[in-house]
Every structure is written in C-alpha cells, then in structure tokens.
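Each value in this text was obtained by applying a stated rule to the coordinates, not by laboratory testing. Everything quoted here is computed from the prediction, not taken from an experiment. Neighbour counts are summed over all protein chains in view; Cβ atoms, including those assigned to glycine, are modelled from backbone coordinates with ideal geometry.
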Amino acid sequence: MTNPTFSLPALPYAPEALEPSIDTATMNIHHGKHHQAYVDKLNEQVGKIPELGDMSLERMMAQISKFPAPVRNNGGGHFNHSMFWTLMAPAGLCGAPSAELTAKITADLGGLDAMKEALNNAAIARFGSGWSWLIMTADKKLAITSTPNQDNPLMDVAETKGTPIIGVDVWEHAYYLKFQNKRADYLKSWWSVANWNAINQRFTAASAGK
Ligand code: MN
C-alpha cells in the first residue's frame, strides 16, 4: 500500500520505561503488533471506503454505526490505543491530579480513591475484552463507564457517551504475560504509571467544551 492514511504513533517512552507495571515484552507486542494490526486493517478499509481517509478519528467514531464492523473494530482500536500510550508515563514523569480535577472528581464521584475503585470495578465487571473509562458527559459531569471490544464513549453506538479522560485497556493482551488471569492486579498496578499530566490536560480540554 502506498502512503497509507493512518499510521502507528511512536511510543512516547522506551518500551521498558514502564517496568515493572507494564513489562517490556507486553509493551513491544501490544504496540508493535496489536496496535499496528489495527492501523493496517483500518487502512485496508480506507481502500474500500475512501471517505474514511479524509475523516478525523473523532468524526469517524461519532458516526461509526454507518460503517461496517471492521471500521468500528480497527478505527476504535487505533483511536483507543493512540490515546492509551499517552495516558501512561515512567516513574517521576506522571505528575499528580490537578486541584481542579481532584475537586471535580470529589464532587461527581466521591473522591480520587472512589473514582479509581469505580473504574477498576467497571473493568473487572467487563466480561471478555474491552475498556474502562473516566469520561466527561455532555452535561459536564464526570462518569465511569466501560465498553466492549474496541468500542469507546465517542461512538454513536456507545451506551454511555462522553469525552474520554482516562481509558484503560482490559484486553488480556494488555496484561496476560505478566499478570496472567489476574486483571485486578494489573489494574492496581496500572495506576502507578497513570500519566496525570496528560489526564489533567484532557480534563481541561473537555471542561472547556471544545
Ligand atoms: Mn490493547
């Protein structure tokens, strides 16, 4: 394929940088194989449906029900993973929740620990593969939700819609090599690499209402 429309973004850190929470082998396979496959398969769809090539991923998500399942699966996969890499950072570069975000989480979800627990519980309750989310809804409330497969809360088919602030991948490919079947242990560990600098920025942008 010449000049494919969508491409794999580089990881914003070395593949070993999130050890021990995310082991190097998992990071390499997850980014280099799984995410690359979503990109390649989305580009195959652009070959069949040229209008996808002129569309931002956000616009694609908002009208995903118009398109065949491979667009939903691979377009969602590309959007979700592109965001996911930026939501993690090496120790010392993670920052902390801003005062504004902390206040909003406390008002809407009962505090930071309660938010993390609710997001973890949504992730554990998600049967099979999917994602767990902190979102801002259209009426500017923070909420916890989860989606199956590579769906996300920007999709017109999502049960609960909103702007993603945090999204945690709970497919087994995200954790199985290190944590095997222990999804709860992976989630607990995930918070120690959560990139609050990026999360704060996403919250600020969502609050401004774009
Ligand atoms: Mn994944």
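Annotations for the structure displayed:
- Remark: the range 40-48, residue by residue, has Karplus-estimated 3J(HN,Hα) of 4, 6, 5, 5, 4, 5, 4, x, 8 Hz, where x stands for each Gly or Pro and the curve is 6.51 cos²θ - 1.76 cosθ + 1.60 at θ = phi - 60°.
- For GLY162, nonlocal amide neighbours, meaning residues 5 or more places apart or on other chains whose placed amide H falls under 5 Å from its own, are LEU154.
- Charged-residue dipole, Cβ positions (Lys, Arg, Asp, Glu), the chain about Cα centre, Debye nearest 20: 200
- Across the range 143-154, coupling constants 3J(HN,Hα) worked out from phi with the 6.51/-1.76/1.60 Karplus curve, θ = phi - 60°, read 8, 9, 8, 9, 10, x, 6, 10, 5, 8, x, 7 Hz, and Gly and Pro carry x.
- Amide proton proximity set for VAL157, modelled H, under 5 Å, gap of 5+: ILE64, SER65
- Per-residue [θ]222 nm for the chain (sum of -39500 (n - 2.57) over DSSP H runs n ≥ 4, rounded to 500): -13000 deg cm²/dmol
- Computed over the chain, the Cα gyration tensor eigenvalues convert (square root of 5λ each) into semi-axes of 26, 21, 16 Å, ordered from largest to smallest.
- Residues considered: SER56, SER21, SER132. Largest GNM mean-square fluctuation over the chain, using C-alpha springs under 10 Å, is found at SER56.
- Per-residue ³J(HN,Hα) for the range 103-116, Karplus 6.51 cos²θ - 1.76 cosθ + 1.60, θ = phi - 60°, Hz, x for Gly and Pro: 5, 5, 5, 5, 5, 9, 10, x, x, 4, 5, 5, 5, 4
- For the range 112-155, the convex hull drawn through the C-alpha positions has a volume of 58 cubic angstrom per residue.
- Between amide H atoms placed 1.01 Å from N, distances below 5 Å from MET88 occur with ASN195, all of them 5 or more places distant or on a separate chain.
- Within a Gaussian network of the chain (alpha carbon springs, distance under 10 Å), most fluctuating of ASP139, ASP23, ASP156: ASP139
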